[in-house]
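Each remark here refers to the structure printed beneath this line.
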């Protein structure tokens, strides 16, 4: 059974209520977050005391790591002026313009196995990644 993802356009797009459903193989112009990831983001924000109305999850890319670039994920209390803002139910995701170059079309998922649990970046822009999955080129 294929997973379904819901993408709601960024705040700077004209139509806020447009919802598109896409399979992971479908190219997208934004960022997708699975329902499992949204649930874990929401739970972690509540534990950290971050208000969904004000704050959100910040996704980014920075230089470093074994493959050249590393993913950066953290909570932020508010978006920055030039951020792209993506809304998934009551959870917002902030991406700065430079990181968006590397992250557009990406899906953020949450996976749990017997050995580990955590966020997984499914990035079509990544040509090579390290064994830990936190850096890419």
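At a glance:
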item: Residue within the range 33-43 that is modelled with pLDDT of 95 or more, assigned to a strand (DSSP E or B) and under 20 Å from residue 105 (Cα atoms) present; result: yes
item: Failed criterion for residue 69 (all others in (1) crowded, with 16+ Cβ neighbours inside 10 Å; (2) modelled with pLDDT of 90 or more hold); result: (2)
item: All positions within the range 43-60 that are in contact (Cβ under 8 Å) with a residue 40 or more places away in the chain, under 13 Å from the mean Cα position of the chain (by Cα) and farther than 14 Å from residue 120 by Cα; result: none
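The values are calculated or read from the model by the stated rules, or taken from the named source; none is laboratory data. Computed from a predicted model, the values in this text were never measured in an experiment. All Cβ positions, glycine included, derive from the backbone under ideal geometry; neighbour counts span all protein chains shown.
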